[in-house]
Amino acid sequence: MKIAFYCPNKPLDHPHPSGDLVIAKGLRQTLAALGHECEEIVRFRTRWFWKSPQGWTALVGACAEACRRTWMFRPDLWLTYHSYYKSPDTVGPWISGLFGIPYVLFQPMYATSRRKKPGTRLGFYMNRLALKACRHVFLNNMDDLEAMKRAVPRVRIDYIPPGILPHDFQRNEAHGRFVRRKYGLSDDAPLLMTAARFRPGVKVQSLEYLFGSLSLLLVPPEMPFRLLVAGDGPMEQEVKSLARRLLPGRVVFTGRVPREEMARYYSAADLFVFPGIGESLGMVFLEAQACGLPVVALDTAGVPQVVQHGKTGLLVPEDGGRAMAEAVRELVGNPGLHATLAHNAMDFVQKERNLLKNYQALSKSLEELVKARH
């Protein structure tokens, strides 16, 4: 089956890593592995495009390009990843209608509150047009289901659990030792790891919360540990300043690590720690668990969909950081519990958050949509 693929929020070659980009790439890669020809048909980023004349001009050009490429590719179906009020799909509904092919949305979002605000109203209505035009919606976040039912009949909505390709994230002790030597980290002290983009908002809030929480481990009885931080971004200096102030001498920054090399860094660590404030899901949690790292995070937002409390990690309340610090202390001080959670974490990702397994249902549903067209 030929699939015209489109990501209005971020094209697949967008330079800044994010969970959304990981999901989009995993979706395309897995559909290809399942035997489909999946081509990114247009790269136009619709984020707030309507706020400038140049944006509308770019939209016209994108529609023309999409029309030309669709004519050449002759897809059986159009699949758009992640349409919402900031980045509505304004290309897919029109092109799919023009060529008479099913239009499908994967992980769109819908918030009726956005129509009440002048700054988001137009984006809300354009996104709603896309939802009304689609033949089917696939959600990978259960938190979005109730809102989605306001725009799309429940019978046209399916849930596909989020996941990764576990073979890309396997623990390798030799690689882990190499990373430790690279940064002068001994085997004597527990090594905690976190990963995030240093950008304003919930990412930096999570890092500040994490540093503050771990600082509670510096008071008697002091716990020896080091924290490995992978990532970069526009607030890098502010994040490093926070680390120097709250965790002096305890933090090692690696800079940006390509995703294909992240398994090496996970393999160096003993625990993955990240609060996950405002995380819709958090792909790094799955990557870390696939590499045998128990997770310590907040019991908030979409985190419980990718971390099983008491089985693959410990999810704690947002209480200023004390509960998170105690969870870290518990896992470091209890090797038996750590080993159990590490084993469960790898098993969980392999069996329940494995894209090759989970997307087989998606593949079958897409094929049925194409058959129903004829």
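Considering helices alone, the calculated mean residue ellipticity of the chain at 222 nm is -13500 deg cm²/dmol, with DSSP H runs of length four and up weighted by -39500 (n - 2.57) and normalised per residue. Listed from fewest to most Cβ neighbours within 10 Å, the set Leu293, Leu247 follows the order Leu247, Leu293. Inter-label distance, His309 to Arg154: 2.6 nm, where each label sits 7 Å from its Cα along the C-beta direction. Projection of the Cα convex hull of the chain, averaged over all directions and equal to a quarter of that hull's surface, yields 19.1 nm². Is the shape of segment 166-352 rounded, prolate or oblate, going by the alpha carbon gyration tensor and its root eigenvalues a ≥ b ≥ c, with a/c under 1.5 for rounded and a/b larger than b/c for prolate? Rounded is the answer for segment 166-352, as its axis ratio a/c remains below 1.5.
Pairs Lys10/Lys364; Lys86/Lys116; Lys311/Lys351; Lys116/Lys203; Lys2/Lys371; Lys2/Lys364: which are spaced more than 18 Å apart, C-alpha to C-alpha? Those over the limit are Lys10/Lys364; Lys116/Lys203. Phi angles across segment 347-362 convert, under the Karplus curve 6.51 cos²θ - 1.76 cosθ + 1.60 with θ = phi - 60°, into 3J(HN,Hα) values of 5, 4, 5, 5, 9, 10, 10, 9, 4, 4, 7, 5, 7, 5, 5, 4 Hz, Gly and Pro given as x. Other residues lying with their Cβ under 11 Å from the Cβ of Glu208 contribute a combined charge of +1, Lys and Arg counting +1, Asp and Glu -1.
Proximity of backbone amide H atoms, modeled 1.01 Å from N, is registered between Leu139 and Gln107, Asp158, Tyr159, Ile160 at under 5 Å, excluding neighbours fewer than 5 places apart on the same chain. Site pair Ala372 and Asp347 shows an inter-label distance of 3.8 nm when each label is modelled 7 Å from Cα along Cα→Cβ. Distance from the alpha carbon centroid of segment 130-178 to that of segment 271-311 works out to 15 angstrom. Net charge in the neighbourhood of Gln305 (other residues with Cβ under 14 Å of its Cβ; Lys, Arg +1, Asp, Glu -1) is -3. Neighbours of Glu39, meaning other residues whose beta-carbon lies under 11 angstrom from its beta-carbon, give a summed charge of +2 when Lys and Arg score +1 and Asp and Glu score -1. Short-range pairs are left out: with C-alpha atoms under 8 Å and at least six residues apart, the relative contact order of the chain is 15 percent. A quarter of the convex hull surface defined by the alpha-carbon atoms of segment 107-148 gives 3.0 nm² as the mean projection.
With θ taken as phi - 60° and the Karplus curve 6.51 cos²θ - 1.76 cosθ + 1.60 applied, the whole-hertz 3J(HN,Hα) list for segment 234-251 is x, 9, 4, 5, 5, 5, 5, 5, 4, 5, 5, 6, 8, 10, x, x, 9, 10 Hz, x standing for glycine and proline. As a proxy for reagent exposure, Ser241, Ser363 were ordered by neighbouring Cβ count within 10 angstrom, fewest first; the result is Ser241, Ser363. Among 297-304, 170-177, the peptide with the highest mean count of other Cβ atoms within 10 Å heads the list, and the full ranking is 297-304, 170-177. Close amide H pairs (under 5 Å, H built 1.01 Å from N) link Leu314 with Val295, Val296, Ala297, residues at least 5 positions away or on another chain.
Laboratory data are not the source of any read-out in this text; all were calculated from the coordinates shown. Since this is a predicted model, take the numbers as computed values, not measurements. Counting neighbours? That spans all protein chains shown, and the Cβs are built from the backbone with ideal geometry, glycine included.
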